[in-house]
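**Q** Handing you a structure now.
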Amino acid sequence: MKKKHWYEALFENYGKTYDHESFTRGTAGECDFIEKELAFDKSLKLLDVGCGTGRHSIELSRRGYIVTGIDLSDSQLERAREKAAQESLNIDFLRHDARNLPFDDEFDVAIMICEGGFPLMETDEMNYEILKNVTKSIKKQGKFIFTTLNGLFPLYHSVEEFCDSTTDEGNATYRSNTFDLMTFRDHNITTVVDDSGNQKELECNERYYVPSEITWLLKSLGYKKTDIYGAKLGAFSRNDKLTTEDFEMLVIAEKMI
């Protein structure tokens, strides 16, 4: 049997526990920002890439938006459907690999918040496929809003110390972090306790990007305008200039201006 990639193994039987992780607490504030970027136009169709347990999809659907959520994890999607059903929300939660999406010019806006697939892939080419497939899925005048890991941060700070300082008891932990300057990948051992109380230890690696790389990648995909800011949990803002203190960056890319 083929061994699962760390990002597949991580999200198995982890839906309820995931919803209690410290990094999931900014959902409402992040959706406030997304709404402003949509100019509060509830006729727009949204694609939530790497939707996980559906936290942004559900919050936006509550506010009257039409959302489709996609994820690779059956376990996460099951939890998302369960939560949506409890609130009688009509959201399509579909299992898709973000590197191979079936949509063409279908959505007005795509969101990909909290490392929704990108930048978790094993190679830069695979990460690029995610950007390419999301771009194909949105309309010619579409907008793409996402967060990703800021490559400037590990040059000045310890990723392990940062994760320790922002992690509550019982949350996932990250140790033995080594940041490779040649590949801009952080290798670490992630430990999580799943919904059944089983502890899992996984060897993970994530790609950090510098702003100029993101701008170039999106330019190569036809985006005419890319704005990058610091991404503060639950408080996204166009007023937050990206600095070396920001663990994540917020990217807003537009196909037409």
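FYI, it's all coordinate maths here, none of it is from the lab. Here the structure is a predicted model, which means the values were calculated and not measured. Positions of Cβ are generated from backbone atoms using ideal geometry, with glycine treated the same way; all protein chains shown enter the neighbour counts.
**Q** For the chain, what is the percent of antiparallel DSSP beta bridges, rounded to the nearest 5? Kindly include the intermediate steps, with their values, before the conclusion.
**A** Numbers: 29 of 47 bridges.
Expressed as a percentage, antiparallel bridges in the chain total about 60.
**Q** Choose one of THR215, ILE228, MET256: the residue whose Cα lies farthest towards the positive end of the charge dipole of segment 192-257 (beta-carbon charges +1 Lys, Arg; -1 Asp, Glu; about the Cα centre).
**A** In segment 192-257, that residue is MET256.
**Q** Now for a different question. Only counting other Cβ atoms within 10 Å, I'd like SER88, SER43, SER57, SER73 sorted with the fewest neighbours first.
**A** Numbers: SER88 6, SER43 9, SER57 29, SER73 24.
Listing SER88, SER43, SER57, SER73 from fewest to most nearby Cβ atoms yields SER88, SER43, SER73, SER57.
**Q** Can you sort ASP74, ASP48, ASP186, ASP246 so the residue with the fewest Cβ neighbours within 10 Å comes first?
**A** Values: ASP74 13, ASP48 29, ASP186 22, ASP246 19.
Sorted ascending by nearby Cβ count, the order is ASP74, ASP246, ASP186, ASP48.
**Q** What shape does segment 139-256 take by its C-alpha gyration tensor, where a ≥ b ≥ c are the square roots of the eigenvalues and a/c under 1.5 counts as rounded, a/b above b/c as prolate, and the rest as oblate?
**A** On the way: a/c = 1.98, a/b = 1.80, b/c = 1.10.
The shape class here is prolate.
**Q** Related question: Provide the gained length on full extension for the span PHE162 to LYS16, in nm with one decimal, where the gain is 0.36 nm per separating residue minus the Cα-Cα distance. The partial results should precede the final answer.
**A** Numbers: separation 146, 0.36 × 146 = 52.56 nm, distance 2.42 nm.
Length difference between fully extended and current span is 50.1 nm.
**Q** Take peptides 141-147, 155-161, 79-85, 196-202 and line them up by average Cβ neighbours within 10 Å, highest first, as a rough protection proxy.
**A** Values: 141-147: 21.7, 155-161: 13.6, 79-85: 18.9, 196-202: 11.0.
The most tightly packed comes first, giving 141-147, 79-85, 155-161, 196-202.
**Q** Can you sort THR190, THR24 so the residue with the fewest Cβ neighbours within 10 Å comes first? Display every interim value, and only then the final one.
**A** Values: THR190 21, THR24 17.
In increasing order of surrounding Cβ atoms, one gets THR24, THR190.
**Q** Considering just Cα atoms, how many Å³ per residue does the convex hull of the chain enclose?
**A** Details: hull volume 32.5 nm³, N = 257.
Enclosed volume per residue, from the Cα hull, is 126 Å³.
**Q** When only Cα pairs under 8 Å and 6 or more residues apart are kept, what is the percent relative contact order across segment 171-234?
**A** Values: 72 pairs, mean separation 14.3, N = 64.
Result for segment 171-234 is 22 percent.
**Q** What FRET efficiency comes out for the pair TRP216/MET256, r = Cβ-Cβ distance, R0 = 22 Å, nearest 0.05? Spell out each step's value before the answer.
**A** Values: r = 19 Å, r/R0 = 0.86.
Computed FRET efficiency for TRP216 and MET256 comes out at 0.70.
**Q** Just the projected area, averaged over all directions, of the convex hull on the alpha carbon atoms of segment 1-88: how many nm²? Each step should come with its number before you reach the end.
**A** Working: hull surface 25.3 nm².
The number I arrive at for segment 1-88 is 6.3 nm².
**Q** Only Cα pairs under 8 Å and at least 6 apart count here; give the relative contact order of segment 1-121 as a rounded whole percent.
**A** Details: 175 pairs, mean separation 34.6, N = 121.
Taking the mean separation of contacting Cα pairs over the length of segment 1-121, I get 29 percent.
**Q** Counting each DSSP H run of 4 or more residues in the chain as -39500 (n - 2.57), what helix-only mean residue ellipticity at 222 nm follows after dividing by all residues, to the nearest 500 deg cm²/dmol?
**A** Values: 8 runs with 73 residues, N = 257.
Computed ellipticity for the chain at 222 nm equals -8000 deg cm²/dmol.
**Q** Pop out the ³J(HN,Hα) list for segment 112-128 in order, Karplus 6.51 cos²θ - 1.76 cosθ + 1.60 with θ = phi - 60°, rounded to Hz; leave Gly and Pro as x.
**A** Working through the residues one at a time gives 8, 9, 6, 6, x, x, 6, x, 8, 5, 6, 10, 5, 4, 5, 4, 4 Hz.
**Q** Follow-up. Pull up the cross-link candidates among the lysines for LYS225, meaning alpha carbon to alpha carbon under 17 Å and not fewer than 8 places away within one chain.
**A** LYS132, LYS136, LYS139, LYS140, LYS143, LYS241, LYS255
**Q** Using the Karplus equation 6.51 cos²θ - 1.76 cosθ + 1.60 (θ = phi - 60°), what ³J(HN,Hα) coupling, rounded to whole Hz, does each residue of segment 53-58 give in order, writing x for Gly and Pro?
**A** Running phi through 6.51 cos²θ - 1.76 cosθ + 1.60 with θ = phi - 60° gives 7, x, 4, 6, 4, 5 Hz.
**Q** I need to check one value: relative contact order of the chain, counting alpha carbon pairs closer than 8 Å and at least 6 residues apart, in percent. Can you show the working numbers first?
**A** Details: 525 pairs, mean separation 50.7, N = 257.
Relative contact order, the chain: 20 percent.
**Q** Just to check, using Stokes-Einstein with a Kirkwood Rh over alpha carbon pairs, what's the diffusion coefficient of segment 190-253 at 25 °C and 0.890 mPa s in µm²/s? Working shown, then result.
**A** Numbers: Rh = 14.2 Å.
So the translational diffusion coefficient is about 172 µm²/s.
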